[in-house]
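Chemist: After the structure tokens below, expect a handful of questions from me.
The values are calculated or read from the model by the stated rules, or taken from the named source; none is laboratory data. These numbers come from a predicted model, not from an experiment. Ideal geometry is used to build each Cβ from the backbone, glycine not excepted, and the neighbour counts take in all protein chains shown.
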């Protein structure tokens, strides 16, 4: 991809993220779709840009409670257009670690809404949230740890209602103890995306397409 095009889309992405931070989610979503449409019209794809814009779209749909659209993006495959490639890029580390943590948190949230076996959904939630909490502890990020634990509590309550099997609560209890005080549930939220300037060491999609990541929990349709 030509540098000028990359810079153009990064500027659009930064504007979209600014809207997100200002609570103008629909305006952000409009700009994310503008990026996707531009990439499609150009006939060029960049794994980093697709990971970034797909993450922004997922976050926007989740905040707007447009879960049908969120699941359509999340379940997109490589043959389903640019969002499918964007999901593949997210699941193959084509953006920053911080963005991947945000993606993990959104995946955990969507698993609570999926039409699936409760135990399967809870196991996926625990895997994603454990990974986020481990990262937060490694980075000494207590704000992220508290948010992740708060989300986690609400996800399991959404799945099991009043009867939470002990085995699914064990990892949550373990990480909450790292905070030293009980975490009061707050509104479910996700970290904001990182800046759009592309790191020099990210590969292009022609190479990313060969990667696989079977360790991710299986996604479920709504």
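Chemist: Filter the stretch 58-80 down to the residues that are more than 21 Å from residue 25 (Cα to Cα) and in contact (Cβ under 8 Å) with a residue 24 or more places away in the chain and list them by number.
Modeler: If the condition is that a residue be more than 21 Å from residue 25 (Cα to Cα) and in contact (Cβ under 8 Å) with a residue 24 or more places away in the chain, then 75, 78 are the ones that fit.
Chemist: Scan 191, 217 and give me the residue that is modelled with pLDDT of 85 or more, assigned to a loop (DSSP other than H, G, I, E, B), surrounded by 13 or more Cβ atoms within 10 Å (Cβ to Cβ) and under 19 Å from the mean Cα position of the chain (by Cα).
Modeler: Going through 191, 217 in turn, the sole match is 191.
Chemist: Given the structure, is residue 89 in a helix (DSSP H, G or I) and farther than 13 Å from residue 54 by Cβ?
Modeler: Answer is no for this residue.
Chemist: Let me ask you something else. Looking at residue 76, is it crowded, with 21+ Cβ neighbours inside 10 Å and outside the structural domain of residue 134 (by TED's automatic domain parsing)?
Modeler: In short, no.
Chemist: Here's something else I'd like to know. Suppose we filter the stretch 96-106 for residues that are under 11 Å from residue 128 (Cα atoms) and without any contact (Cβ under 8 Å) to a residue 40 or more places away in the chain; how many remain?
Modeler: Residues that pass the stated criteria total 2.
Conditions (1) assigned to a helix (DSSP H, G or I); (2) in contact with a strand residue (DSSP E or B) (Cβ under 9 Å, 6 or more places away or on another chain); (3) touching a residue at least 24 places away in the same chain (Cβ under 8 Å); (4) buried (at least 24 other Cβ atoms within 10 Å of the Cβ), marked per residue:
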residue: 39; (1), (2), (3), (4): yes, no, yes, no
residue: 53; (1), (2), (3), (4): yes, no, yes, yes
residue: 108; (1), (2), (3), (4): yes, no, yes, yes
residue: 121; (1), (2), (3), (4): yes, no, yes, yes
residue: 143; (1), (2), (3), (4): yes, no, no, no
